[in-house]
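Engineer: Supplied in structure tokens, the structure appears directly below.
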Amino acid sequence: MTHSARPPQTGHIETFDGKTPVIADDVFVAATASIIGDVTIGSGSSIWYSCVLRGDDHALIIGKNTSVQDGSVLHATLGGQPTILGDNVVIGHGAMLHSCTIGDGSLVGIGSVILDGCVLEPGSMLAAGALLTPNKRVPTGELWGGSPARKLRAMNEKDYDYLKWDTAHYIKTAQKYLSR
């Protein structure tokens, strides 16, 4: 992964407590996004409008080709665990993630809240508006939803096809923004 200083029109990038975000060169960061402190973002990812990624208390690690959509907030607990998003993850608009791990190829629905110690295993989904209470684990191949979240059903081919489509859609859209 290569890195460079980002022009100011690509969001508010701020050093905090001696830690500066590390962002791959081909990441799209929207102008109104704020990325602060101990944050690492992998190649091909996108951070959309009004997102806040605040790596002041602990690290935030975002893999490759991952989309954090408009209005989402990522943070982590001081002395707790980092917030980690794997590769090819889609975080829906307005989601809040705190000291959790989201496995490769997973989707977090619009407006969901995921609290400390939670894990979405690779290839899992959390429905829109869900509340995943502390230390819950969503197994691979399951769709969870509700408040508090619980298993709704096993995922099917249509779900997996949607995950692939949504990931590819946001990669293409971010590339369009970067080429403007």
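Engineer: What is the local net charge at residue 113, summed over the other residues whose Cβ is closer than 15 Å to its Cβ (Lys, Arg +1; Asp, Glu -1)?
Structural biologist: +1
Engineer: Of 122, 139, 148, which is the most mobile in a GNM of the chain whose springs link Cα atoms less than 10 angstrom apart?
Structural biologist: Answer for the Gaussian network model of the chain: 148.
Engineer: Multiplying the sequence separation of residue 19 and residue 177 by 0.36 nm and subtracting their Cα-Cα distance, what value in nm do you get?
Structural biologist: The residue 19-residue 177 span can extend by a further 54.2 nm.
Engineer: Let me ask something additional. Among 80, 145, 18, whose mean-square fluctuation peaks in a Gaussian network model of the chain (Cα, cutoff 10 Å)?
Structural biologist: Per the Cα network of the chain with a 10 Å cutoff, 18 tops the list.
Engineer: In what sequence do 125, 155 fall when counting other Cβ within 10 Å, fewest first?
Structural biologist: The fewest-first ordering by Cβ neighbours comes to 155, 125.
Engineer: Could you tally the net charge around residue 98, taking each other residue with its Cβ under 11 Å from the Cβ of residue 98, Lys/Arg +1 and Asp/Glu -1?
Structural biologist: -1
Engineer: Here is a further query. Could you pull the Rg and Dmax for the chain, using just the Cα atoms, both in Å?
Structural biologist: Taking only Cα atoms of the chain, I get Rg and Dmax of 15.2, 46 Å.
Engineer: Rounded to the nearest 5, what % of the DSSP beta bridges within the range 8-178 are antiparallel ones?
Structural biologist: 10
Engineer: Related question: Highest GNM mean-square fluctuation, the chain, Cα pairs closer than 10 Å: which of 108, 22, 39?
Structural biologist: The residue that fluctuates most here is 22.
Engineer: Two decimals is fine: what's Rg over Rh for the range 36-110, C-alpha atoms, Kirkwood radius as Rh?
Structural biologist: 0.92
Engineer: Net charge near residue 55, counting Lys/Arg +1 and Asp/Glu -1 over other residues with Cβ under 14 Å of its Cβ?
Structural biologist: For residues surrounding residue 55, the net value is -3.
Engineer: Compute the helix-to-body angle for 157-178: its Cα long axis versus the longest principal axis of the chain, expressed 0 to 90° and rounded to tens.
Structural biologist: Roughly 10 degrees, rounded to the nearest 10.
Engineer: Based on the Cβ-Cβ distance from residue 78 to residue 151, what FRET efficiency comes out when R0 is 30 Å, to the nearest 0.05?
Structural biologist: After rounding, the FRET efficiency stands at 0.45.
Coordinate-derived values only; no laboratory data. All of these numbers come straight from a predicted model, not from anything done at the bench. Note that we place each Cβ from the backbone using ideal geometry, even for glycine, and neighbour counts take in every protein chain shown.
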